[in-house]
1. Identify, from the list LYS216, LYS266, LYS256, LYS271, the residue that is in a loop (DSSP other than H, G, I, E, B) and among the basic types (Lys, Arg).
2. If a residue has to be more than 15 Å from THR79 (Cβ to Cβ) and more than 12 Å from the ligand (Cβ to nearest atom) to count, how many in the stretch 187-201 make the cut?
3. With surrounded by fewer than 24 Cβ atoms within 10 Å (Cβ to Cβ) and of a type in the set (A, V, I, L, M) as the only criterion, which of ALA336, ALA351 stands out?
4. Being buried (at least 20 other Cβ atoms within 10 Å of the Cβ), in the same structural domain as ILE119 (by TED's automatic domain parsing), more than 10 Å from the ligand (Cβ to nearest atom) and farther than 22 Å from VAL58 by Cβ, is that true of even one residue in the stretch 144-154?
5. Given the conditions (1) farther than 21 Å from ARG295 by Cα; (2) touching a residue at least 12 places away in the same chain (Cβ under 8 Å); (3) assigned to a helix (DSSP H, G or I), report the number of the one that THR52 does not fulfil.
6. Can you tell me which residue in the stretch 60-78 is surrounded by the fewest Cβ atoms within 10 Å (Cβ to Cβ), limited to those that are in a helix (DSSP H, G or I) and touching a helix residue (DSSP H, G or I) at 6+ places or on another chain (Cβ under 9 Å)?
7. Which condition from (1) in contact with an Asp or Glu (Cβ under 8 Å, 6 or more places away or on another chain); (2) within 28 Å of LYS312 (Cβ to Cβ) is the one that LEU250 breaks?
8. Out of all the residues in the stretch 87-114, which are over 22 Å from the mean Cα position of the chain (by Cα) and either within 16 Å of the ligand (Cβ to nearest atom) or on the phi > 0 side of the Ramachandran plot (or both)?
Amino acid sequence: MPQRVYNFNPGPATLPLEVLEEAQKELLDYAGTGMSVMEISHRSKEFDAIITEAQTLVKELLGLGDSHKVLFLQGGASTQFFMVPMNFLPAGATADYIITGSFAQKAYKEAVKIGDVHIAASSKETNYDRIVDPDEIKLSDSPAYVHITSNNTIYGTQWKAFPDFGDVPLVADMSSDIMSYPFDADKFALIYAGAQKNLGPAGVTLVIVRNDMLEKVPESLPSMLRYDILAEKNSLYNTPPTFSIYMTSLVLKWIKKNGGLAAMQKRNEEKAALLYEAVDRSEGFYKGHAQKESRSLMNVTFRLSSEELEKKFIQEAAAKGLVGVKGHRSVGGIRASIYNAMSKEGCAALAQFMDDFRKANG
Ligand SMILES: *Cc1c(COP(=O)(O)O)cnc(C)c1O
């Protein structure tokens, strides 16, 4: 048996062991083809079954019907930063952005290159330590859409309830918390998520787009950037990242088998509580970055009293098989990413280490 560590990396991130084992088992001969998934045609009946199952599972887990299309695209969530405005921000219109972290800021910066953009709210002033309150949000007159980031991977904050702007299309970057709790997906005009946090390996981006949005796509765009063409071709306009889509389908099956999104949420709440309780009982030894009501269930961020002590924490944690807890360079400190695939045992082990480290260094 290979030695597996508890992997708290922010993305690419840990995957369910059962999924990796299943992929290993099927690697040399997928479904009796005598070939691996990487070697079969994206137009074969075997791959058609894989992508169809992945699309069906996305809809089933999110409770979506025929109102939305499920796409598997390339270029990461970062490509969606400019694809969304290229498709949905025509000349003369304004798109509104709510900026709650680095990726939200990046999405905004890309949109500025495409058209008129308005910042409807931001928590930058307090170094993105919180989600904005609904009454802070000041929309422009008639926005083409409103863009939010459901979970701020770097700062460790997460929306607890999504805003409702009536008929204004709501677009969300859900890269770091998609499929980690049930929510009303029907309300969204478009959701996108890079797979490498909660869905599978890097290389594929899930996009869920409402049918009526597809009618707004300008014909002048290059085909590979047109949601309507990508939807019409069922994500097979060109060769898609077949292996990443296959892995994503296995992860989606794993989520379903383990009780779906309600069960994921319960487990994620229990996992996050283990770590936040270790922060809260430390009496300031660990200082959480996020304000309590905005705390993320996916990325737990905190600092210690000095960078030296943080370095020691990271080194000693790694020596105990708790890897990837270094914070993002823009925030520093510690970040434990505890997506769906991180076990409760992993979080308990990290919480225990936090207590032990505090007692030895406090
Ligand atoms: C990781 C991440 C991104 C960037 O994803 P890429 O697939 O690397 O482009 C964007 N948004 C959020 C919220 C993320 O967590």
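The values are calculated or read from the model by the stated rules, or taken from the named source; none is laboratory data. What you see is a predicted model, and the numbers here were worked out from it, not measured in a lab. Note that each Cβ is placed from the backbone with ideal geometry, even for glycine, and that neighbours are counted across all protein chains shown.
1. One residue alone meets the criteria, LYS216.
2. Summing the residues that are more than 15 Å from THR79 (Cβ to Cβ) and more than 12 Å from the ligand (Cβ to nearest atom) in the stretch 187-201 gives 3.
3. Step by step, each of ALA336, ALA351 is checked, and only ALA351 is surrounded by fewer than 24 Cβ atoms within 10 Å (Cβ to Cβ) and of a type in the set (A, V, I, L, M).
4. yes
5. (2)
6. If we take residues in the stretch 60-78 being in a helix (DSSP H, G or I) and touching a helix residue (DSSP H, G or I) at 6+ places or on another chain (Cβ under 9 Å), then GLU60 is surrounded by the fewest Cβ atoms within 10 Å (Cβ to Cβ).
7. (2)
8. Scanning the stretch 87-114 gives a single hit, GLY92.
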